Structures are given as structure tokens and as C-alpha cells.
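What follows is a set of notes on a single structure, which appears directly below.
The values are calculated or read from the model by the stated rules, or taken from the named source; none is laboratory data. Since this is a predicted model, take the numbers as computed values, not measurements. Quick reminder, even Gly has a Cβ in these numbers, built from the backbone with ideal geometry, and neighbours come from all protein chains shown. Accessible surface areas use protein heavy atoms only, side chains included; no ligands, DNA or RNA. Shrake-Rupley method; radii C 1.70, N 1.55, O 1.52, S 1.80 Å.
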Amino acid sequence: MDDVEDNLFLLQTFLETEGYDVDTACDGDLALGYIRASPPDLLLLDVMMPGMNGIELMQCIRHNDKLSSLPILFITACDDERIVDLDGVDGLKIAITDFIRKPINFDLLLAKISKIFSENQVHHGPNQV
């Protein structure tokens, strides 16, 4: 999820080329609806979003028993050290799985996705992100 359509397109194209099924949303409310209807194997989530930001969306997900264990990888251009250090926002450190900074290093992104999937033992068909 990202609020910049070009970023969504680039990320989607790259991940689909790597064999992943990708759904996208440009705002938190839309994403939450998609996630509730069909939970993905992994959520790539931009922190800075209009309306419901990434932290608020993550909190909604973590308070939903059916979604509480969904792996979340934050993607951020935010320089706020509280986000980068995963401290300062109540419970953030344990609520997200990992994070990556923009501009995205795609090799690092693939490594993080692979690690998350192996740790969560996701092995049922094409992985959905």
C-alpha cells in the first residue's frame, strides 16, 4: 500500500515479475477493506498515507483477532527516528514484522520478504503481498 500511484505500479510490477501475486491500495480505508475480505500473506505498508496512515492501519489490523498475526513490512521515506528505531510509538516495535526505507533497495526488499515468508512458513501456492 502506497499513496503514490507510480510507487504502487513499480512495486507491483517488480514483485509480480518475481512471482508474487500483488493487490494494491492507495489509502488505508481501502486497504483495510481488502485485507478483511481476503487477508494477504504479507502486507507492505507505507507509513505516510493520507487519511488513515500506516500506523493507524497497522493498529486496526492488530486489534482484529483474525488479522492480528498478519506479517507487516513497513516501507517508509519518513526520517522520524521513532519509526526507524521502531520505538516511541506505543507497541510499534512488536506490532510490525520489519521495515525498509525508501528509495527501495529491491534486493533488500526481496531478502526481507523471503525471510518473513520462511519465518511464517508460508508455502501455499504463489505468495500474496
Answer yes if at least one residue in segment 1-13 is open to solvent by less than 50 Å² (accessible area, probe 1.4 Å) and touching a strand residue (DSSP E or B) at 6+ places or on another chain (Cβ under 6 Å), and no otherwise.
-> yes
Name the residues in segment 1-46 that are of a type in the set (A, V, I, L, M) and within 19 Å of ILE116 (Cα to Cα), would you?
-> MET1, LEU11, LEU15, VAL22, ILE35, LEU42, LEU43, LEU44, LEU45
Residues being of a type in the set (Asp, Glu) and either modelled with pLDDT of 95 or more or touching a strand residue (DSSP E or B) at 6+ places or on another chain (Cβ under 9 Å) (or both) - total across segment 19-34 | 2
For segment 14-33 the number of residues that are surrounded by fewer than 16 Cβ atoms within 10 Å (Cβ to Cβ) and without any contact (Cβ under 8 Å) to a residue 40 or more places away in the chain is 5
Can you tell me which residues in segment 1-13 are of a type in the set (Asp, Glu), assigned to a helix (DSSP H, G or I) and either touching a residue at least 12 places away in the same chain (Cβ under 8 Å) or touching a Phe, Trp or Tyr at 6+ places or on another chain (Cβ under 9 Å) (or both)?
-> GLU5
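Quickly run through segment 57-70 and pick out the residues that are outside any loop (DSSP other than H, G, I, E, B) and either β-branched (Val, Ile, Thr) or over 18 Å from LYS102 (Cβ atoms) (or both). Explain how you work it out, then say what you get.
Here is the first cut: in segment 57-70, the residues outside any loop (DSSP other than H, G, I, E, B) are 57-62.
Those that are outside any loop (DSSP other than H, G, I, E, B) and either β-branched (Val, Ile, Thr) or over 18 Å from LYS102 (Cβ atoms) (or both): GLN59, CYS60, ILE61, ARG62.
Let's see how each residue does on (1) in a loop (DSSP other than H, G, I, E, B); (2) open to solvent by 60 Å² or more (accessible area, probe 1.4 Å); (3) touching a Ser or Thr at 6+ places or on another chain (Cβ under 7 Å); (4) at pLDDT 80 or above:
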site: ASP79; (1), (2), (3), (4): yes, yes, no, no
site: GLY88; (1), (2), (3), (4): yes, yes, no, no
site: LYS93; (1), (2), (3), (4): no, yes, no, no
site: LEU109; (1), (2), (3), (4): no, no, no, yes
site: ILE113; (1), (2), (3), (4): no, no, no, yes
site: PRO126; (1), (2), (3), (4): yes, yes, no, no
Here the residues within segment 40-56 that are under 20 Å from LEU67 (Cα atoms), touching a strand residue (DSSP E or B) at 6+ places or on another chain (Cβ under 9 Å) and not in a helix (DSSP H, G or I) are PRO40, ASP41, LEU42, LEU43, LEU44, LEU45, ASP46, VAL47, ASN53
